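The next block holds one structure in the form of structure tokens; read it before the comments.
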Protein chains: 2
Amino acid sequence: MKEIGVGIVGFGTVGAGVVEGLLKEASLITRRCGVSIALRGIADLDIKTPRGVDVPPGLLTTDALALAAREDVDVVVELIGGTGIAYTVIKQALEAGKAVVTANKKLLAEKGEELFALARLHGVDLYFGASVGGGIPIIRSLRDGLVANEIHAVYGILNGTCNYILTRMSREGSDFEAVLADAQRLGYAEANPSLDIDGFDTAHKICILASLAYGVSIPLEEIAVQGIRGLNPVDVRYADELGYVIKLLAVCKACGNKRLEVRVNPTLVPKTHMLASVSDVFNAVLVNGSMTGDTLYYGKGAGRAATASAVISDIASVARHRVSGAPRAMEPLPAIATTDYALQRPEDCISRFYVRLMVREACGMVGRFATLLGNHGVSIFAASQHEATDAQCAAGYVPVVILTQPARTGDLVAALTEITEQGIVQSMPLFMCML
Amino acid sequence: MKEIGVGIVGFGTVGAGVVEGLLKEASLITRRCGVSIALRGIADLDIKTPRGVDVPPGLLTTDALALAAREDVDVVVELIGGTGIAYTVIKQALEAGKAVVTANKKLLAEKGEELFALARLHGVDLYFGASVGGGIPIIRSLRDGLVANEIHAVYGILNGTCNYILTRMSREGSDFEAVLADAQRLGYAEANPSLDIDGFDTAHKICILASLAYGVSIPLEEIAVQGIRGLNPVDVRYADELGYVIKLLAVCKACGNKRLEVRVNPTLVPKTHMLASVSDVFNAVLVNGSMTGDTLYYGKGAGRAATASAVISDIASVARHRVSGAPRAMEPLPAIATTDYALQRPEDCISRFYVRLMVREACGMVGRFATLLGNHGVSIFAASQHEATDAQCAAGYVPVVILTQPARTGDLVAALTEITEQGIVQSMPLFMCML
């Protein structure tokens, strides 16, 4: 039985899960993959705090670079996070001809091109299966399972915190702030929740999926990102009445003419759609391929054991490659500018829309806004006027919800701006994409 | 760029899809997997009938064995089906040191042990990703993505014909026979539909998934298989009223003491469950792993393009292994008796149950059967008496539906048998498992 040496750098939540999994399931992993995976060491600045794992003596060290450089370490597993020491560890490991496994979305987003080029240059693996979707083998499925498919679109529910908040708002009719506070209390949301609820975590992940699906490198700052902060429960309720649930959806879609639409925003999903059934902290990715049609991958997107499962799966793959004599698998690294897609401009993206307007209560107002929408090329698919609250009555406005036919975002915004300027509505109407 | 030669044996629906995909997406596949896949030939007894694919001249042959034996064919793709010539082609290819890709469930079920041993002996790949779940990369996910997970359970909707029929019965309240006839007319069911609707196709597939998940070889004839033939629409309706849908579910579950429960039968699935949203011809597999918890894989389980996608994905994988210098990937072949699981006896399987009884209309009857169930250790979770039809009234029986707490199958059967023998019900009650 051949043996592959592994060094774990970063002994936090996921690191501890990986160590536990490697030790506990050693014989299972060996039986399944034909390689024995030997844990050579674990590096962390803090090697005193117990992590709930029995670590064999002598494995812990505070010197990450020395561990990663050891002769008997073939695979370096980077679980520190961030772009500081993590970057240095990975760079030195790749340059020394070692395979690297990481779950570091941020580093991949910022330094991915450089690191993948380095891996290619040195003929070694750089795997990152745990960076998107936690325990769901979505990276692997895109890389290998759908290799013969042109990818038409990828839709993802990629952030467990947001999905948990949305699920509870939908079930209970609660306010965003109240559910967020509860989620923080329960440990489902960070004290500073911005990365999650403002959509940036989701954006990092869709950029990684886009790079795999389309062979493009997409700068995070160029895509349109909208989170769920301050989502109004009235929209959750109106959506429900119309047969939809609101999900924070990441979209990456080929829209012809070598244009890619990449965006993150709250989106109405029909209740009959598989993605609508994805509740609580679960994640899911729907991929529409040219041969498979829709396939969907669902599971826990975060958490110690689920993420560790993905890391160990990567370790097993690169270990198999190394013992098979091929230091780098002949597998697609995320292609770096191998294709010539350009980003679709946000105003050119086409979608059906949910629009909520506070329409001035006066004869002919509904007719006027409908006409204005039509003038801008936006057709109404469904419309409903809702009972006004006392305060709304007093102010002289009534809530109206419309669902549009597919329309250009820029056209919708132009129409809504004109409607607002003409005083037909109280303020700029709220709108959301529909799946 | 290295080149790998492929010979396709069997130019039916899937074969034509594979040829089309390989020709059409050649540059995409090469870019993604770093290997050029060269189609050397296509063998079929019928090389005259057009398949809707432009085949370059000189590729077609009627001599399958000669094609598979060619020096420049590195990978043999068997898409004939059955256990005759398909077996000979695969055997000779493996013995000649070629990699083999097949979608042949039946052959794997009957001769899998022998063929996998042969592949192991000759150090070559034998891939079968298209044998379960069509375009869904479930085999790959179980093999690689969940490598660190002990598998607690696998639940699958694995037959598109059955799921189509069940979806329509549920939506329309239609009779089984009427929907089957319609499905046959539309091409969703075979003229002889037994393999599908009696559950055998599903059983073949769950045996393959069980072999991957648990390292056991399960003889098809030893597992309990019940299809959907003759499913009564009244049960579909009662299930709906109780918040469930009926799915033909394949189950493979570790139930402690090294026992495996493997079965195929119509099962009530709660409407809030992801598997309940799997409609029409779609398939899905839910895997509960020790580290990931639940993960689910969804997509088209059959059809030319989806199945061809899985075949090409396998071709790409074995091609990469060959150019990397490792003729056989260090990947788990389905383990052959590498573990010591035994099948749980059907009567020892524990489940919640749906039971429909025609209870004699007389004082105390409901009390009597409830008591008898209790005497056999079966607890009632919910019960409802339904309005009797005129015919039922005339006969003196009323329909009653109960849902049980988890119970031993043998205990339930014993209780129902006694209830029947005592004349409390018109005939042996119908029962179904619940998820």
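The values are calculated or read from the model by the stated rules, or taken from the named source; none is laboratory data. All figures in this text were calculated on a predicted structure; none of them were measured in a lab. Backbone-built Cβ (ideal geometry, glycine too); neighbour counts: all protein chains shown. All accessible areas refer to the heavy atoms of the entire protein, side chains included, with ligands and DNA or RNA removed. Shrake-Rupley method; radii C 1.70, N 1.55, O 1.52, S 1.80 Å.
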Would you work out which of B:19, B:36, B:49 lies farthest towards the positive end of the dipole of the stretch B:1-49, given +1 charges on the beta-carbon of Lys and Arg and -1 on that of Asp and Glu, about the Cα centre?
B:36
Taking a cut-off of 18 Å, what percent of all Cα-Cα pairs in the stretch B:278-435 are separated by more than that?
73 percent
Roughly speaking, what is the centre-to-centre gap between the stretch A:271-298 and the stretch B:204-241 when only Cα atoms are used, to the nearest Å?
24 Å
With a 1.4 Å probe on protein heavy atoms only, tell me which residues of the stretch B:268-292 lose at least 50 Å² of accessible surface in the complex relative to the chain by itself.
B:274, B:277, B:291, B:292
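Using DSSP, restrict attention to beta bridges with both residues in chain B and report what percent are antiparallel, rounded to the nearest 5.
65 percent
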For the protein assembly as shown, give the share of DSSP beta bridges that are antiparallel, in percent and rounded to the nearest 5; count only bridges with both residues there.
65 percent
How far apart, in nm, are the 7 Å Cα→Cβ label points at residue A:38 and residue B:1?
4.1 nm
Before we go on, tell me the buried accessible area for the A/B pair, both chains summed, 1.4 Å probe, in Å² to the nearest 100.
4700 Å²
According to the square roots a ≥ b ≥ c of the eigenvalues of the Cα gyration tensor, what is the shape class of the stretch B:1-106, taking rounded for a/c under 1.5, prolate for a/b larger than b/c otherwise, and oblate for the remainder?
oblate
Note down the magnitude of the dipole of the stretch A:11-79 about its Cα centre, charges +1 on Lys and Arg C-beta and -1 on Asp and Glu C-beta and zero elsewhere, to the nearest 20 debye.
260 debye
Among B:419, B:208, B:165: highest mean-square fluctuation, GNM of chain B, C-alpha pairs under 10 Å:
B:419
Using just the helices of the protein assembly as shown, give the 222 nm mean residue ellipticity in deg cm²/dmol: DSSP H runs with n ≥ 4 each add -39,500 (n - 2.57), and the total is spread over all residues, rounded to 500.
-11000 deg cm²/dmol
Over all directions, the average projected area of the alpha-carbon convex hull for chain B comes to how many nm²?
22.3 nm²
I want to check the label-to-label distance for residue A:347 and residue B:152. Put each point 7 Å from Cα in the C-beta direction and report it in nm to one decimal.
5.2 nm
Charged-residue dipole, Cβ positions (Lys, Arg, Asp, Glu), chain B about Cα centre, Debye nearest 20:
880 debye
Where a ≥ b ≥ c are the square roots of the eigenvalues of the C-alpha gyration tensor, would you call the stretch A:220-329 rounded, which needs a/c under 1.5, or, failing that, prolate if a/b is larger than b/c, or oblate?
prolate
When each of B:106/B:253; A:105/A:205; A:105/A:300 is checked by Cα-Cα distance, pairs over 19 Å:
B:106/B:253
Once you treat every alpha carbon in the protein assembly as shown as an equal point and sum by Debye, what is log10 I(q)/I(0) at q = 0.06, 0.07, 0.08, 0.10 Å⁻¹?
-0.44, -0.60, -0.79, -1.18
Considering the options A:85, A:102, B:97, tell which one lies farthest towards the positive end of the dipole of the protein assembly as shown, charges being +1 on Lys and Arg and -1 on Asp and Glu at the Cβ, about the Cα centre.
B:97
Please give the helix B:105-122 orientation as an angle from the longest Cα principal axis of chain B, in degrees from 0 to 90, rounded to the nearest 10.
40 degrees
Using the Cβ atoms and a cut-off under 15 Å, what net charge is assigned to the surroundings of residue A:274, where Lys and Arg are +1 and Asp and Glu are -1?
+2
Quick one: in the stretch B:6-50, what % of C-alpha pairs are over 13 Å apart?
56 percent
What FRET efficiency would be calculated for the residue pair residue A:88, residue A:375, taking the C-beta separation as r and a Förster radius of 41 Å, to the nearest 0.05?
0.10
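Calculate the FRET efficiency for residue B:392 and residue A:66 from the Cβ-Cβ distance with a Förster distance of 56 Å, rounded to the nearest 0.05.
Result of the calculation: an efficiency of 0.10.
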Crossing angle, helix A:85-95 versus chain A [Cα axis fit, 0-90 degrees, rounded to tens]
60 degrees
At 1.4 Å probe size, with the rest of the protein present, what percent of the exposed accessible area of the protein assembly as shown is carbon and sulfur atoms?
51 percent
Just need log10 I(q)/I(0) for the stretch B:111-236 at q = 0.17, 0.20 Å⁻¹, Debye formula, equal scatterers on the alpha-carbon atoms, no solvent, rounded to two decimals.
-0.96, -1.16
Zone residues, the stretch B:240-273, relative to residue A:171, backbone N less than 13 Å from point 7 Å out along Cα-to-Cβ
B:272-273
Rolling a 1.4 Å sphere over the protein heavy atoms, what is the accessible area per residue of the stretch A:48-205, to the nearest Å²?
38 Å²
Name the shape class, rounded, prolate or oblate, that the alpha-carbon gyration tensor gives for the stretch B:45-186, where a ≥ b ≥ c are the square roots of its eigenvalues, rounded holds for a/c under 1.5, and otherwise prolate holds if a/b is larger than b/c and oblate otherwise.
oblate
What is the helix-to-structure angle for B:200-214, meaning the angle in degrees between its Cα long axis and the longest Cα principal axis of chain B, kept from 0 to 90 and rounded to the nearest 10?
70 degrees
